[in-house]
Amino acid sequence: MKKLAIGLVVVLLVLFGLGQLRLSQLSPSDRAMLGKIGTLEILRLVRILPREPHDNAGFGRRNFEGRGHSPWVLRSNLDGQTRRINFALRPGVWLSYDTERAALRQFWRGELIFQGPVYNTYHGSQPVSRGLAWLHDDAATWFVQRGGAEQVADVQYLGHLEEAGGERAALRYRLHAAGADVEVSESPELLREGERVGLRRDFAVTTSASDVAVVLRDPSGELLLSLRSGASMIDRWFEEPTIPLDPPDDDALQYTIPPAQLLMDASDCATCHNETERTVGPSWREIALRYAGEERQTSAAKLALRIIEGGSGEWGKAVMTPHPALGRRDAEQLAAHVLAFSSDAVETEDEPFGGRYATTFDFDVEPRLTAPHPSYTLERIRPEGFHPMVGGMTWDAHGNLLLATWDEDGSVYRLRGLEKEEQVRIDRIAEGLQEPLGLRTVGDRLFVLQKQELTELIDRDGDGRIDEYRTHNNRWGATANFHEFAFGLVHQGEYLYAAISVCVLMGGASCPEQDPDRGSVVRFHLETGEMETVATGLRTPNGLGLGPGGRLFVTDNQGDWLPASKLQPVDVGDFFGWRPPGVDTDRPVRPAALLLPQDEIGNSPTEPLLLTEGPLSGQMLFGDVYQGGIQRAFLERVNGVWQGAVFRFSGGLEGAANRLLLGKSGEIYVGEIGNPGNWGDPGKAWFGLERLRPNGHATFELLEMSARSGGFELTLSDAVADDINIGSADVSVRQWFYHPTAKYGGPKLDDRALNVSDVRLSEDRRRVAVDVEGLEPGHVIHLRLDPRIRSRTGEVPWVHEAWYTLNELVPAG
């Protein structure tokens, strides 16, 4: 016992020593914050305790001797600036380039602090630098000199190369002006001489004309670099760094922030809430108003319990994520902070159509599925310890599975031997990518969609590992906002298609200012890389796929101008309804093929996948990051307009289904993902890789719900039992519509039950004609079968309900 006690003391002393060492490396502002948050969060922040386990270091991460980070070359935002490439030259020594200007921006001693959704789940500012800089240049410009004249160069970033087996790296860019093209390769390296630090920049310059030179000047016009064709080496030596990188007055500001505000900033609260506007959840002011009549200590205790336990019912049926690891004291601090918000200026929403229609957020539906579809066997195919947060999936030319991971390493993996989990072999073939959320092979070419760049990955020496990251396009508008994702990829013909989400404030409201490229479907020419806008008016389009007839479809998430999530066909020139705050438009909005009522059947739909075999051939599947599981879409065209029904398809997954891929024998590969708040399937892992393998079982289920004159026709996968007669009482139908506004989401309007006047069963007892009175176009129809219905083999339907988006009525006759 005495030995155990001594051992515990030693462990505590070691932890204390490590903590002190780590604390000494933090800025004064960070140290101030540590005194005001919980012990576990402190230990995670100073990296004594681990974060959530999705670190895949054991699967191919390379640690090069002397480098300061792995990967040592990585893409990111930095200090609010976009499209940076960073080099961890040595421990504590960093270098950062602006790829849009192809210019060195910062050389510093200190840290690159990895914050943001993929690093520490923080939904605010992304990576920032701390320390002291030798160089900090914000506005250097390249010029081309020819014939005694000097012109500003058009800069095209070409990507970067790995050299010497990854020990070295070289940037590549093209400068164009004065009728000349100049290609530049630049390799940076750190120099040391006693106490002095130097930066060596090796250049290789190729020009299209012998009388051409390129120069780099600072804003005052001072010459920084001058290069001619051939190889050049420029060394620059420095004394101690003197340029502080902490934001001005940052320390003084941090000391004035209340502890509860620091807790809130470090939590997932802002994923769903903000001060003034209801988004996913109520605003802080709305919550303060509700509790305004109670004694403050009592109301804070109630709200603290709600924060810890989560649940639904207080503000409709939307589910609040529980926070069981949050201590009662911290929860009460948060609650008191929320209740201190003024409730005097709570905005009251105007009643749509002047209150002509009743509104509701209520619903009565079956529980979400918790088991896999009976016709499929669910198999985990990720080896133990491999925790991929899957942003993209595709097959290579040899039938191997390729994964892109949305995590701190930004990696691409090759998986072989997929038949059994214990046989899977994993090779990391690329890394250092910025939030990749799309991956596609085209023949023997491999493309990855980073947050701000479409990149071709090339294995130049044939060793199976990527050594050229070639920029295919990086010309769309972007800011450093955490929500400005790029989703994809779909290959069709001469193009790769992607979807670009909008800028969103913490809490879910759209940013007042938006780049014109945001919220659009775009396409890139495979050969030239040129980008075209295909369609606009989307918000968070986390899913592109080819549907029936090779038609492109996209999913979008609920928000402003989106009262419900949706599945949308895409044609050139389409407008889907979303627009920046304060912007009016009279452009016609293309109706969704499927509206996915919030919390009932959709929250954050993801990549659609077309099934090509079996009884569901021609239908589409898609996952949902917060609703969980996989849903199924039956689509048809009525009067030339796409519409159809959505059904629950499968549950029981390890995480939230983000990417779906079809295998050669009808298997459905599921790449999974997650993050705090409503960015993950509650209670599930934030990673996963699984397979739904067909097992031959014939499941009794609703195959189709098709519109017909005066009602619908339901198609079942098997005959209804001979002793069951289906009547009007066995089918219930409700109808409502939505009205998009600038407010986040929106209620159901005119939600009411409809009369089922007649039900008729076909001779083969597999089709059910349902006559419904009062159907109106532009409405969502919820239909439910009585659970007493069963097949001739005694099975009850796998699911009993469907949601049909009735854009058009089928004409009589």
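The values are calculated or read from the model by the stated rules, or taken from the named source; none is laboratory data. Just so you know, these numbers come straight off a predicted model, no measurement behind them. With ideal geometry, Cβ positions are generated from the backbone for all residues, glycine too; neighbour counts draw on all protein chains shown. These accessible areas exclude ligands, DNA and RNA; they are computed on the full protein's heavy atoms, side chains included. Shrake-Rupley method; radii C 1.70, N 1.55, O 1.52, S 1.80 Å.
Among the conditions (1) out of contact with any Ser or Thr (no Cβ under 9 Å at 6 or more places or on another chain); (2) within 30 Å of Ile426 (Cβ to Cβ); (3) open to solvent by 10 Å² or more (accessible area, probe 1.4 Å); (4) among the aromatic types (Phe, Trp, Tyr), Phe649 misses just one, which is (3). Output yes when any residue across region 140-152 is open to solvent by 30 Å² or more (accessible area, probe 1.4 Å) and in a loop (DSSP other than H, G, I, E, B), and no when none is. Yes, because at least one residue in region 140-152 is open to solvent by 30 Å² or more (accessible area, probe 1.4 Å) and in a loop (DSSP other than H, G, I, E, B).
If you check Arg236, Arg192, which single one turns out to be basic (Lys, Arg), assigned to a strand (DSSP E or B) and under 16 Å from Leu104 (Cβ atoms)? Going through Arg236, Arg192 in turn, just one is basic (Lys, Arg), assigned to a strand (DSSP E or B) and under 16 Å from Leu104 (Cβ atoms): Arg236. Once region 691-712 is narrowed to residues that are open to solvent by less than 10 Å² (accessible area, probe 1.4 Å) and under 31 Å from the mean Cα position of the chain (by Cα), the residue that is nearest to Val731 (Cα to Cα) is Leu692.
Of all residues in region 205-227, none satisfies being closer than 18 Å to Tyr157 by Cβ, of a type in the set (Gly, Ala, Ser) and surrounded by 14 or more Cβ atoms within 10 Å (Cβ to Cβ).
Take the conditions in a strand (DSSP E or B), surrounded by fewer than 22 Cβ atoms within 10 Å (Cβ to Cβ) and in contact with a Leu (Cβ under 6 Å, 6 or more places away or on another chain) and apply them to Arg109. Does it pass? When the stated conditions are applied, Arg109 passes them.
Please work out if Leu161 is among the aliphatic types (A, V, I, L, M), under 23 Å from Leu457 (Cα atoms) and modelled with pLDDT of 95 or more. Yes. Read through the list (1) over 25 Å from Ala657 (Cβ atoms); (2) touching a strand residue (DSSP E or B) at 6+ places or on another chain (Cβ under 9 Å), then give the number of the only condition that Arg428 fails. Just one mismatch for Arg428, condition (1). The strands (runs of 3 or more DSSP E) falling completely within region 713-810 that include 3 or more residues that are modelled with pLDDT of 95 or more and open to solvent by 10 Å² or more (accessible area, probe 1.4 Å) map to 731-737, 748-754, 756-761, 767-772, 779-785.
For the residues Asn675, Asn658, the requirement of being open to solvent by less than 10 Å² (accessible area, probe 1.4 Å) and at pLDDT below 95 singles out Asn675. It is to be established whether one or more residues within region 165-186 are polar (S, T, N, Q), over 19 Å from Glu100 (Cβ atoms) and assigned to a strand (DSSP E or B). No, there is no match, as no residue in region 165-186 is polar (S, T, N, Q), over 19 Å from Glu100 (Cβ atoms) and assigned to a strand (DSSP E or B).
For Gly628, which of the numbered conditions (1) part of a loop (DSSP other than H, G, I, E, B); (2) more than 23 Å from Phe363 (Cα to Cα) fails to hold? Among (1) part of a loop (DSSP other than H, G, I, E, B); (2) more than 23 Å from Phe363 (Cα to Cα), the lone unmet condition for Gly628 is (2). All of (1) modelled with pLDDT under 95; (2) not in a loop (DSSP other than H, G, I, E, B) hold for Arg201 with one exception: (1). In region 585-618, the residue that is most open to solvent (accessible area, probe 1.4 Å) out of those that are hydrophobic (A, V, I, L, M, F, W, C) and closer than 16 Å to Gly629 by Cα is Leu609. Regarding Val625, is this residue over 18 Å from Gly644 (Cβ atoms) and either of a type in the set (Phe, Trp, Tyr) or open to solvent by 20 Å² or more (accessible area, probe 1.4 Å) (or both)? It is false that Val625 is over 18 Å from Gly644 (Cβ atoms) and either of a type in the set (Phe, Trp, Tyr) or open to solvent by 20 Å² or more (accessible area, probe 1.4 Å) (or both).
Tell me the residue from Ala707, Ala742, Ala753, Ala719 that is of a type in the set (Gly, Ala, Ser) and closer than 22 Å to Phe622 by Cβ, please. Result: Ala707 is the single residue among Ala707, Ala742, Ala753, Ala719 that is of a type in the set (Gly, Ala, Ser) and closer than 22 Å to Phe622 by Cβ. If you go through region 574-584 and pick out every residue that is in a loop (DSSP other than H, G, I, E, B) and open to solvent by less than 50 Å² (accessible area, probe 1.4 Å), you end up with 6. Does region 157-177 contain any residue that is surrounded by fewer than 18 Cβ atoms within 10 Å (Cβ to Cβ) and closer than 23 Å to Arg475 by Cβ? Yes: region 157-177 contains one or more residues that are surrounded by fewer than 18 Cβ atoms within 10 Å (Cβ to Cβ) and closer than 23 Å to Arg475 by Cβ. Residue-level check: of (1) open to solvent by 50 Å² or more (accessible area, probe 1.4 Å); (2) at positive phi, Gly519 misses just (1). Of the residues examined, Leu635 is not one that is assigned to a loop (DSSP other than H, G, I, E, B) and crowded, with 17+ Cβ neighbours inside 10 Å.
In region 63-105, the qualifying residues are those that are among the hydrophobic types (A, V, I, L, M, F, W, C) and farther than 23 Å from Ile243 by Cα, and the one that is surrounded by the most Cβ atoms within 10 Å (Cβ to Cβ) is Val73.
The number of residues in region 170-188 being under 19 Å from Trp94 (Cα atoms) and out of contact with any Gly (no Cβ under 9 Å at 6 or more places or on another chain) comes to 4.
For region 774-781, the condition of being closer than 23 Å to Val641 by Cβ and of a type in the set (D, E, K, R) holds for at least one residue.
A Cβ distance below 8 Å, combined with a sequence gap of six or more or placement on separate chains, defines the contacts here; from region 523-545, residues that are closer than 17 Å to Leu446 by Cα and open to solvent by 10 Å² or more (accessible area, probe 1.4 Å) reach residues that are β-branched (Val, Ile, Thr) and assigned to a strand (DSSP E or B) in the pairs Arg523/Val534; Leu526/Val442. Here the strands (runs of 3 or more DSSP E) wholly within region 462-512 that include at least 3 residues being within 22 Å of Arg539 (Cβ to Cβ) and either more than 20 Å from the chain's Cα centre (by Cα) or at pLDDT 95 or above (or both) are 486-492, 495-500. Taken together, Glu193, Glu189 contain a single residue that is closer than 22 Å to Gly432 by Cα, of a type outside the set (Lys, Arg) and open to solvent by 10 Å² or more (accessible area, probe 1.4 Å), which is Glu189.
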